[in-house]
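Values quoted throughout were computed directly from the atomic coordinates according to the rules given, and no laboratory measurement underlies them. Given the structure is predicted, the values throughout are model-derived calculations rather than measurements. Note that we place each Cβ from the backbone using ideal geometry, even for glycine, and neighbour counts take in every protein chain shown.
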Amino acid sequence: MKPGKTILNSGDARTENGFRTSFSGTDGRVAIPEFMGRVAPVLDACTRLLVIDSESCHFSIECSCMNDRLGSFTNHDVKVVICGALSSFFANFLKEKNIRLIYGISGDIDEVLAAYRRGYLHRDHFRMPGFIETTT
């Protein structure tokens with residue numbers, strides 16, 4: 001899977017070259033692991049999640065352990081996770097919970113979120129440096 005590519009569930013919006021081309025407010029809550037105003041490099045090790053409801057409503061959650069992070073996604077009704085790297089364990093958990101996953105992403109949180117909303121998060125500018133596509 002290419003960096004910035006979305007893992008889509010059936011019935012999702014159209015894609016172009018494997019990337020979402022449109023997003024809407026109906027996508028639901030978005031969670032981004034945050035470190036110093038940027039997308040945290042590894043979801044599994046992050047200590048803060050930023051959860052975004054809309055343009056004006058967001059909150060952060062402190063996560064000190066793996067169970068906190070896992071519970072935060074379901075407890076706060078997260079529908080989309082945008083992150084850098086993550087383990088296959090985390091990816092499988094999100095898939096089982098029908099949470100859309102966009103990974104291989106880096107950058108300033110505000111820029112990443114704006115790119116997501118406008119449908120251009122797949123651009124090279126947002127790819128995590130050194131991120132290599134893996135096959136399973």
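Things to note:
- Compared with the alpha-carbon gap, the fully stretched path from Arg118 to Asp77 is longer by 12.5 nm at 0.36 nm per residue.
- Label-point separation, Ile132 to Phe35 (7 Å along Cα→Cβ), nm: 2.0
- Highest-first arrangement of 75-81, 37-43, 100-106, where packing means the average Cβ count within 10 Å: 100-106, 37-43, 75-81
- Distance between modelled label sites at Phe89 and Leu70, nm, 7 Å Cα→Cβ extension: 0.8
- Exposure proxy ranking for Ile109, Ile32, based on other Cβ atoms within 10 angstrom of each Cβ and starting from the fewest, stands as Ile109, Ile32.
- This ranking places Cys46, Cys83 by how few other beta-carbon atoms lie within 10 Å of each, fewest first, which gives Cys46, Cys83.
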